[in-house]
1. For the range 113-119, what does the Karplus curve 6.51 cos²θ - 1.76 cosθ + 1.60, with θ = phi - 60°, yield as ³J(HN,Hα) per residue in whole Hz, taken in order and with x for Gly and Pro?
2. Would you please put 57-65, 92-100 in order of how densely packed they are, using the mean number of other Cβ atoms within 10 angstrom per residue and starting with the highest?
3. Of the accessible area of the chain, with the probe set at 1.4 angstrom, what percent is carbon plus sulfur?
4. Apply the Karplus parameterisation 6.51 cos²θ - 1.76 cosθ + 1.60, with θ equal to phi minus 60°, to every residue of the range 60-69 and state each ³J(HN,Hα) to the nearest whole Hz, in sequence, with x for glycine and proline.
5. Remind me, relative contact order of the chain in percent, using alpha carbon pairs under 8 angstrom and six or more residues apart?
6. When the helix-only estimate is applied to the chain (DSSP H runs of n ≥ 4, each -39,500 (n - 2.57), divided by the residue count), what is the mean residue ellipticity at 222 nm, nearest 500 deg cm²/dmol?
7. Tell me, what is the per residue accessible area of the chain in Å², probe radius 1.4 Å?
8. Please compute the volume of the convex hull spanned by the alpha-carbon atoms of the range 1-75 and report it per residue in Å³.
Amino acid sequence: DITQLVAFYNNLIVFRETAINIISFDTESYNISTITNTLGTVASKAVVVIPQLGVVFINEQGVWMLSGGLNGGASISMQKISKPIDKLLRRVNRSMMHKAIAAYSYREREVWMHLPTDDSTTPDTSESNVVYSYRFRNTYQ
């Protein structure tokens, strides 16, 4: 099942529960390629585009960033960015992960993620309860 569609540069990223595809357009036709068959997300509201940098998403294995592109011979890469908080992520209520939400703060240049933890069935969205905040210092000027 498709869980989220995200415009990324001049491509469309297709998130599925256990895979990620990319749809691109060349001069005559659309092409669909597989980025990965081993990672995806059920958290459709926790997929965030960071301008000029990439796409961040969460799944049961952690928080990931997809970056790069297909133009001019470039390639797409994926990097796990949650290693410093993997212990905290063990508290995520996996059966409620689909309710996770995230947003990118242009002012702070951070991705804020609110996740259902422990026995909670909804993410706590109070400012003091940002479960994950990742600062992107090397973005645009």
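The values are calculated or read from the model by the stated rules, or taken from the named source; none is laboratory data. Computed from a predicted structure; not experimentally measured. Quick reminder, even Gly has a Cβ in these numbers, built from the backbone with ideal geometry, and neighbours come from all protein chains shown. Ligands, DNA and RNA are excluded from the accessible area calculation, which covers all protein heavy atoms including side chains. Shrake-Rupley method; radii C 1.70, N 1.55, O 1.52, S 1.80 Å.
1. These are the phi-based 3J(HN,Hα) values: 10, 10, 10, x, 10, 6, 8 Hz.
2. My ranking of the peptides, most packed first, is 57-65, 92-100.
3. In the chain, the share of accessible area belonging to carbon and sulfur is 48 percent.
4. Result, ordered by residue: 5, 8, x, 9, 10, 10, 9, 9, x, x Hz.
5. Answer for the chain is 15 percent.
6. Using -39500 (n - 2.57) per qualifying helix, the result is -500 deg cm²/dmol.
7. 58 Å²
8. 87 Å³
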